[in-house]
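The values are calculated or read from the model by the stated rules, or taken from the named source; none is laboratory data. Remember, it's a predicted structure, so these values are computed and weren't measured experimentally. In this analysis, Cβ positions are derived from the backbone assuming ideal geometry, glycine residues included, and neighbour counts consider all displayed protein chains.
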Amino acid sequence: MTNTKRIALVVGVGPGLGTATARRLHADGYRVAVASRNAERLAGLVQELGGFAVSIDATDPASVEAGVAAVEEAVGPIHTVVWNVGGGVFGTLETVDTDGLDLALGTNTRGLFVLAKRLLPQMAERGDGALVITGATASLRGKPFTTAFAAGKAAQRSLAQSLAREWGPKGIHVALVIVDGMVDLPNTRARMPDRAAESFLSPDGFAATVSFLLSQARNAWTFELDLRPHVEAW
């Protein structure tokens with residue numbers, strides 16, 4: 001299917017960062033495909049954006065490959081990917097088992113590796129493309145309760161850095177956005193009714209940052225930046 005607009009794929013679309021980013025990219029002129037483990041729940045967003053939805057389970061390499069292929073077939077060559085994937089089991093060494101570690105690595109890193117291997121060579125052939133990854137403060141410093149999660153996010157950050165250094169000279173902008181703070185979601189507000197609104201990280205603010213990264217000139221690219229509410233302790 002031919003389309004003059006750049007095609008963006010947002011992987012990991014929930015009610016917060018993913019949805020805000022998809023809307024912002026649509027406003028920026030992209031044709032947007034969105035992905036989550038259950039594509040059916042994205043029907044309303046697809047209708048709003050005039051886009052396309054696909055099911056992708058980041059822990060399953062075959063699902064990542066099939067999802068990318070489905071987007072390419074339905075929409076066209078993918079120019080930009082926002083990998084907004086994160087998760088894992090939280091706990092100390094005594095409470096987390098190897099399955100928890102495997103989940104953290106599979107959720108945060110393995111799927112990204114598969115997607116990059118599938119798409120970055122194609123982007124390089126065109127000499128243009130972008131991959132923006134949602135990271136976490138745990139990638140920089142582990143705490144006892146992030147024993148498995150921090151390992152997964154640290155591996156993700158290292159992979160992102162390797163990709164940026166290898167593929168940047170070939171025209172692909174790889175960037176990592178480290179999220180430091182509680183994202184403003186209805187369920188987090190409900191769990192923390194006494195917490196000040198300004199202490200939650202804004203999904204629209206995150207999306208604006210992604211838009212900024214994608215608009216940078218090639219001779220002034222950012223690899224890594226961090227985002228937090230101004231009242232967040234760090």
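Give the residues of the stretch 198-234 that are free of Cβ contacts under 8 Å to residues at least 12 places away in the same chain and of a type in the set (Phe, Trp, Tyr), sorted by residue number. Hit for the stretch 198-234 is PHE212, nothing else. Residue count for the stretch 90-112 under the criterion of being surrounded by fewer than 16 Cβ atoms within 10 Å (Cβ to Cβ) and either assigned to a helix (DSSP H, G or I) or not hydrophobic (A, V, I, L, M, F, W, C) (or both): the result is 6.
Residues are listed down the side, and each one gets a yes or a no for (1) closer than 20 Å to GLU125 by Cβ; (2) in contact with a Pro (Cβ under 6 Å, 6 or more places away or on another chain); (3) surrounded by 15 or more Cβ atoms within 10 Å (Cβ to Cβ); (4) not acidic (Asp, Glu):
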position	(1), (2), (3), (4)
VAL46	no, no, yes, yes
GLY50	no, no, no, yes
ASP57	no, no, yes, no
ASP60	no, no, yes, no
GLU73	yes, no, no, no
PRO77	yes, no, yes, yes
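Are there helices (runs of 4 or more DSSP H) fully within the stretch 126-234 with at least 1 residues that are more than 22 Å from VAL11 (Cβ to Cβ)? List them. By residue number, 147-167, 186-191. Taken over the stretch 21-37, the residue count meeting the criterion of being among the small types (Gly, Ala, Ser) and buried (at least 22 other Cβ atoms within 10 Å of the Cβ) is 4. The residue that is surrounded by the fewest Cβ atoms within 10 Å (Cβ to Cβ), among those in the stretch 1-20 that are out of contact with any Leu (no Cβ under 7 Å at 6 or more places or on another chain) and more than 15 Å from VAL85 (Cβ to Cβ), is THR2.
On inspection, ALA116 passes the criterion of being modelled with pLDDT of 95 or more, of a type in the set (Gly, Ala, Ser) and either assigned to a helix (DSSP H, G or I) or under 11 Å from the mean Cα position of the chain (by Cα) (or both). Going through the stretch 122-150 one residue at a time, which ones are modelled with pLDDT of 95 or more and aliphatic (A, V, I, L, M)? Within the stretch 122-150, MET123, ALA124, ALA130, LEU131, VAL132, ILE133 meet the criteria.
Those strands (runs of 3 or more DSSP E) of the stretch 25-89 in which at least 3 residues are under 17 Å from THR109 (Cα atoms), considering only elements entirely within it, cover 80-83. Consider only pairs whose beta carbons are under 8 Å apart and that are at least six residues apart or on different chains; among these, list those whose first residue lies in the stretch 169-197 and is within 18 Å of LEU159 (Cβ to Cβ) and modelled with pLDDT of 95 or more and whose second residue is among the hydroxyl-bearing types (Ser, Thr, Tyr) and surrounded by fewer than 15 Cβ atoms within 10 Å (Cβ to Cβ). These pairs meet every condition: ALA175/THR222. Looking at the structure I just gave you, is ALA150 under 16 Å from the mean Cα position of the chain (by Cα) and either under 27 Å from LEU105 (Cβ atoms) or surrounded by fewer than 21 Cβ atoms within 10 Å (Cβ to Cβ) (or both)? Here the answer is no, as ALA150 does not meet what is asked.
For beta carbons closer than 6 Å, sequence separation of 6+ or different chains, a first residue in the stretch 32-59 that is modelled with pLDDT of 95 or more and a second that is aromatic (Phe, Trp, Tyr), the qualifying pairs are ALA33/PHE52.
Could you check, for the stretch 122-133, whether at least one of its residues is in contact (Cβ under 8 Å) with a residue 60 or more places away in the chain, of a type in the set (A, V, I, L, M, F, W, C) and surrounded by 15 or more Cβ atoms within 10 Å (Cβ to Cβ)? Yes - at least one qualifying residue is present in the stretch 122-133.
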